[in-house]
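Notes to accompany the following structure.
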Amino acid sequence: MLVEIEQFAKWLRRKSPHTSTAVHYTNDLELFFTWAAKPPAQITLRDVDAFIEHSQQQGHSIATVNRRLAALRSFYHFLEIENDEAKPNPVIPKRHFIRQGRRLPRDAQDAEIEKLFAVITDPRDRAMFLLMLRCGLRVGEVRALSLNDLYLQPTPGSLPRLWVHGKGGSQRVVYLSAQPLTVLKAWLAIRPKVEEQAVFLNRFGKRFTVTGIQLRLAEYCHEADVWITCHQFRHTFGRHLAEARVPITSIQRLFGHARLRTTQVYLHISDSQVQADYEAAMQQITQRLRLEGSLS
């Protein structure tokens, strides 16, 4: 790894110790400089142009390319802070960041979820994935949970809850319904008594990595012959709340979204009123314009 990247990673960890930004940006920078085969001081905006074209030819998503460009721009910003004589930042937002349309979240089908959970019998794994499905936790938030974040015996009139450490160092309260509470308690009852304070431990008695959790899910998906990602659990949680007609402001707080607009996408994937309006309209249209014969 380049010395400059190591210094940059340390700087990011000091700025945001509770996020995984340093890990992701470090990986992105190593990938870029391996491809470029040049030291940081020799990178030009033409190299950035070529990297974007290369990434698109490789079939990488717009979000992935933009994240790597953000990592590269942040890296050169760091170099400018560290050295007054550093070269200008070669990443120019108006030139290099790719516009993308608004995408709806991809949730998982309920039948596939049932099929998946039928093969997840391990108490620890069942608890991890139910916290994503029933509480909307991100995989990194599940990993970051510590024992002192659990409030499982609240005062009368209050629900059991979690103190969740979210993106960008933000925090939020997440409530536990009966199902995730039951499986979480089942895991805690057999959790090894170790000094590590993480709620979920790997086989070495240490805090899970994000990759470790994702690999566990991939193994279960292979066994159940389905494919569901950790983040699809969170999207499915949003759909379920929208289907239950939970007020959008409550969904926003449960998700920890800073902007209401971010939460509103879940109304688009499950809008019962729109569905009812469409069905009623189609019945009227069909009665008015009957198409004879079979349609293929």
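The values are calculated or read from the model by the stated rules, or taken from the named source; none is laboratory data. Keep in mind the model is a prediction, meaning the values are calculated, not measured. Ideal geometry is used to build each Cβ from the backbone, glycine not excepted, and the neighbour counts take in all protein chains shown.
Here region 17-43 is the region considered, the condition is being assigned to a loop (DSSP other than H, G, I, E, B) and loosely packed, with under 14 Cβ neighbours inside 10 Å, and the residue that is nearest to the chain's Cα centre (by Cα) is P17. Within region 97-109, the set of residues being farther than 21 Å from R138 by Cβ and in contact (Cβ under 8 Å) with a residue 40 or more places away in the chain comprises I98 only.
In contact with a Lys or Arg (Cβ under 8 Å, 6 or more places away or on another chain) and either without any contact (Cβ under 8 Å) to a residue 60 or more places away in the chain or farther than 18 Å from R126 by Cα (or both): does that describe A198?
Judged against the criteria, A198 is a match.
Is it true that H24 is under 25 Å from V139 (Cβ atoms) and touching a His at 6+ places or on another chain (Cβ under 6 Å)? Reasoning before the result, please.
Working: under 25 Å from V139 (Cβ atoms): yes; touching a His at 6+ places or on another chain (Cβ under 6 Å): no.
Here the answer is no, as H24 does not meet what is asked.
Within region 226-239, residues that are touching a residue at least 12 places away in the same chain (Cβ under 8 Å) reach partners that are of a type in the set (V, I, T) and assigned to a helix (DSSP H, G or I) with beta carbons closer than 6 Å, at six or more positions or on different chains, in the pairs C230/V139; R239/I269.
Of all the residues that make up region 1-37, how many are of a type in the set (G, A, S) and free of Cβ contacts under 8 Å to residues at least 24 places away in the same chain?
Adding up the residues that qualify gives 4.
Residue-level check: of (1) assigned by TED's automatic domain parsing to the domain that holds A224; (2) modelled with pLDDT under 90; (3) small (G, A, S), G101 misses just (1).
If I go through region 151-169 residue by residue, how many of them are surrounded by 14 or more Cβ atoms within 10 Å (Cβ to Cβ), in contact with a strand residue (DSSP E or B) (Cβ under 6 Å, 6 or more places away or on another chain) and under 16 Å from K185 (Cβ atoms)? The number of residues fulfilling the criteria is 3. Which of the residues spanning region 176-195 are at pLDDT below 95 and of a type in the set (D, E, K, R)? Correct list: K193, E195. Of all residues in region 243-293 being outside any helix (DSSP H, G or I) and within 19 Å of L137 (Cβ to Cβ), which is modelled with the lowest pLDDT? Ranking the candidates gives A258 first.
Annotation note: of R46, R73, R68, R14, the sole residue that is assigned by TED's automatic domain parsing to the domain that holds P90, assigned to a helix (DSSP H, G or I), basic (K, R) and over 28 Å from V139 (Cβ atoms) is R46.
On the basis of being more than 30 Å from D47 (Cβ to Cβ) and of a type in the set (S, T, Y), does S74 make the cut?
Values: more than 30 Å from D47 (Cβ to Cβ): no; of a type in the set (S, T, Y): yes.
No, not satisfied.
Check whether at least one residue in region 222-242 is crowded, with 17+ Cβ neighbours inside 10 Å, assigned to a loop (DSSP other than H, G, I, E, B) and either more than 14 Å from the chain's Cα centre (by Cα) or in the same structural domain as T19 (by TED's automatic domain parsing) (or both), and report yes or no. There is at least one residue in region 222-242 that is crowded, with 17+ Cβ neighbours inside 10 Å, assigned to a loop (DSSP other than H, G, I, E, B) and either more than 14 Å from the chain's Cα centre (by Cα) or in the same structural domain as T19 (by TED's automatic domain parsing) (or both).
Scan region 45-69 for residues that are touching a residue at least 12 places away in the same chain (Cβ under 8 Å) and closer than 12 Å to H96 by Cα and jot them down.
First, pick out the residues of region 45-69 that are touching a residue at least 12 places away in the same chain (Cβ under 8 Å): 45, 47-49, 51-52, 54-55, 62-63, 65-69.
Result: L45, D47, V48, D49, F51, I52, I62, V65, N66, R67, R68, L69.
Residues in region 128-138: is at least one of a type in the set (F, W, Y), surrounded by 19 or more Cβ atoms within 10 Å (Cβ to Cβ) and either over 30 Å from S55 (Cβ atoms) or free of Cβ contacts under 8 Å to residues at least 60 places away in the same chain (or both)? Checked against the condition, which is being of a type in the set (F, W, Y), surrounded by 19 or more Cβ atoms within 10 Å (Cβ to Cβ) and either over 30 Å from S55 (Cβ atoms) or free of Cβ contacts under 8 Å to residues at least 60 places away in the same chain (or both), region 128-138 yields at least one hit. Any residue at all in region 75-96 that is in contact (Cβ under 8 Å) with a residue 24 or more places away in the chain, under 21 Å from the mean Cα position of the chain (by Cα) and surrounded by 15 or more Cβ atoms within 10 Å (Cβ to Cβ)? No, that holds for no residue. So the check is Cβ under 7 Å with 6+ separation or different chains; which pairs have a first residue in region 243-255 that's surrounded by 13 or more Cβ atoms within 10 Å (Cβ to Cβ) and a second one that's outside any helix (DSSP H, G or I) and of a type in the set (S, T, N, Q)? Cβ pairs passing all conditions: E243/S270.
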